[in-house]
Amino acid sequence: DTLERFIRRLPKAELHLHIEGSLEPELMFALAERNGIAIPYASVEDVRAAYAFSNLQDFLDIYYAGAGVLQTEADFRDLAMAYFERAAADGVVHAEIMFDPQTHTDRGIAFGAVIEGLLAAMAEAEARLGITSALIMSFLRHLSEDAAFETLEQAEPWLDRIAAVGLDSSELGHPPGKFARVFAAARAKGLKLTAHAGEEGPPAYVHEALDVLGVDRIDHGNRALEDGALVARLAREGMTLTVCPLSNLKLCVVDDLAAHPLDRMLAAGLRATVNSDDPAYFGGYVADNYRAVAEARGLVRGDLVQLAKNSFTGSFLPPDAVARHL
Ligand code: ADE
Ligand code: ZN
């Protein structure tokens, strides 16, 4: 068995995936044409050439512009369906998908069009591809907490279809504590909580996500490794980290995959998982992430099995469903 086949055949959950980040240039062009929207690129090659980032903000500017082609419920369904097809081919059997409602509602798209399109694709993915999924509604941290509260209010009719809230976008200067009240409100509504922390931000932001927000999961968490006491705490509490190797490379969180900390995280007893983050922008889906980091860091098959197990243990599936996957 080749490493590639082994990885694809390993049943896995994907826990850190922004659905807007799965918008491939080909679909971007198709939707631009379907919706009569001009995009500042001449060709698919031209788009891919623009995907050279030196930090998170560089990427976010291009990512939010790209999302402008998404207009109708059908667009969101097509976007998510394309992701599910690709994920199924990679051996993903469960996906917890983040979406950024404010990226769309702020340009006049109805919250209902976004979520109904995603829910339609989720139902089709389960029926036709056998993939289960859940939604994580992420707040944009460069916007205000009041704006996040408005989004939580708009989501009210669909709260039983949303598993969790998340926190993404520009990390530096927007610490988790800025969203303390809206995360408490989300928790009171029965939602799980996750937040990007320690991608570009310091270990103190990871502490804040744990202590002030009370998150159930940390997205990325790379910089936690700078703080030994924090590492010990994350290990002791069995906190899941949703690590994204190719994202880390493309956004210069690591200079080289050969320096990626994934195996150090596992060695420190952290419940690390492997995920794709924004696969259309970072050059690979989840199996590509497993393979790239395995080759760069010399992971053995036992490590890959552990990472796949962690993806179920760290998921928001109910305990009986987790047990069926282990
Ligand atoms: N939005 C989409 N991908 C993101 C990332 N890696 N970090 C922060 N916000 C994001
Ligand atoms: Zn992310």
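Derivation of every value follows stated rules applied to the coordinates shown; laboratory data play no part. Just so we're clear, the structure is a prediction, and the values are computed from it rather than from any experiment. Here the Cβ positions follow ideal geometry from the backbone for every residue, glycine too, while neighbour counts run over all protein chains shown.
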task = Give the number of residues within segment 1-48 that are within 16 Å of ligand 2 (Cβ to nearest atom) and assigned to a helix (DSSP H, G or I).
result = 4
message = List the strands (runs of 3 or more DSSP E) inside segment 160-269, counting only whole elements, that have at least 1 residues being farther than 21 Å from Ser133 by Cβ and small (Gly, Ala, Ser).
response = 192-197
inquiry  = Which count do you get for residues in segment 249-269 that are within 16 Å of ligand 2 (Cβ to nearest atom) and small (Gly, Ala, Ser)?
reply    = 0
note = Within segment 61-76, of all residues that are among the aliphatic types (A, V, I, L, M) and buried (at least 19 other Cβ atoms within 10 Å of the Cβ), the one nearest to Gly21 (Cα to Cα) is Ala67
request  = Evaluate the following for His196: is it touching a Cys at 6+ places or on another chain (Cβ under 7 Å), within 14 Å of ligand 2 (Cβ to nearest atom) and in contact (Cβ under 8 Å) with a residue 12 or more places away in the chain?
outcome  = no
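Return the only residue of Ala147, Ala164, Ala134 being more than 14 Å from ligand 1 (Cβ to nearest atom) and more than 19 Å from the chain's Cα centre (by Cα). Write out each step before concluding.
Values: Ala164 fails: more than 19 Å from the chain's Cα centre (by Cα); Ala134 fails: more than 19 Å from the chain's Cα centre (by Cα).
On inspection, the qualifying residue turns out to be Ala147.
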request  = Exactly one condition in (1) exposed (fewer than 13 other Cβ atoms within 10 Å of the Cβ); (2) within 16 Å of ligand 2 (Cβ to nearest atom); (3) not basic (Lys, Arg) is not met by Ala52; state its number.
outcome  = (2)
inquiry  = Among the residues of segment 175-192, are any surrounded by fewer than 24 Cβ atoms within 10 Å (Cβ to Cβ), within 24 Å of Ala229 (Cα to Cα) and within 12 Å of ligand 1 (Cβ to nearest atom)?
reply    = no
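Answer with yes or no whether Phe29 is within 16 Å of ligand 1 (Cβ to nearest atom) and either surrounded by fewer than 18 Cβ atoms within 10 Å (Cβ to Cβ) or within 22 Å of Val286 (Cβ to Cβ) (or both).
On the way: within 16 Å of ligand 1 (Cβ to nearest atom): no; either surrounded by fewer than 18 Cβ atoms within 10 Å (Cβ to Cβ) or within 22 Å of Val286 (Cβ to Cβ) (or both): yes.
Taking the combined requirement at face value, the residue does not satisfy it.
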key: Matching residues in segment 128-146 - criterion: being surrounded by 19 or more Cβ atoms within 10 Å (Cβ to Cβ) and either assigned to a strand (DSSP E or B) or small (Gly, Ala, Ser) (or both)   = Ser133, Ala134, Leu135, Ile136, Met137, Ser138, Phe139, Leu140
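Would you confirm, using the coordinates I've provided, whether Asp219 is farther than 19 Å from Leu307 by Cβ and either of a type in the set (Asp, Glu) or within 17 Å of the chain's Cα centre (by Cα) (or both)? Working first, answer last.
On the way: farther than 19 Å from Leu307 by Cβ: no; either of a type in the set (Asp, Glu) or within 17 Å of the chain's Cα centre (by Cα) (or both): yes.
It is false that Asp219 is farther than 19 Å from Leu307 by Cβ and either of a type in the set (Asp, Glu) or within 17 Å of the chain's Cα centre (by Cα) (or both).
Which residues, counting only those in segment 230-248, are aliphatic (A, V, I, L, M) and either away from ligand 2 (no atom under 16 Å from the Cβ) or surrounded by fewer than 24 Cβ atoms within 10 Å (Cβ to Cβ) (or both)? Steps first, answer last, please.
Here is the first cut: in segment 230-248, the ones aliphatic (A, V, I, L, M) are 230-232, 234-235, 239, 241, 243, 246.
Matches in segment 230-248: Leu230, Val231, Ala232, Leu234, Ala235, Met239.
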inquiry  = What's the total number of residues in segment 77-102 that are over 17 Å from His16 (Cβ atoms) and not aliphatic (A, V, I, L, M)?
reply    = 5
remark   = Of Asp106, Asp90, Asp75, the only residue that is touching a residue at least 40 places away in the same chain (Cβ under 8 Å) and over 30 Å from Arg5 (Cβ atoms) is Asp75
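Scanning segment 275-311 for residues that are small (Gly, Ala, Ser) and within 16 Å of ligand 2 (Cβ to nearest atom), which turns out nearest to Pro261 (Cα to Cα)? First the steps, then the outcome.
Start the filter on segment 275-311 by keeping residues that are small (Gly, Ala, Ser), which leaves 276, 280, 283-284, 287, 292, 294, 296, 298, 302, 308, 311.
Of the ones still in play, those that are also within 16 Å of ligand 2 (Cβ to nearest atom) are 276, 280, 283-284, 311.
Details: Ser276: 16, Ala280: 23, Gly283: 19, Gly284: 19, Ser311: 17 Å.
Per the stated criteria, the residue is Ser276.
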task = Go through segment 193-230 and give me each residue that's of a type in the set (Val, Ile, Thr) and either away from ligand 1 (no atom under 16 Å from the Cβ) or at positive phi (or both).
result = Val212
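Does Thr151 satisfy the criteria of being within 17 Å of Leu193 (Cα to Cα) and not hydrophobic (A, V, I, L, M, F, W, C)?
Working: within 17 Å of Leu193 (Cα to Cα): yes; not hydrophobic (A, V, I, L, M, F, W, C): yes.
Judged against the criteria, Thr151 is a match.
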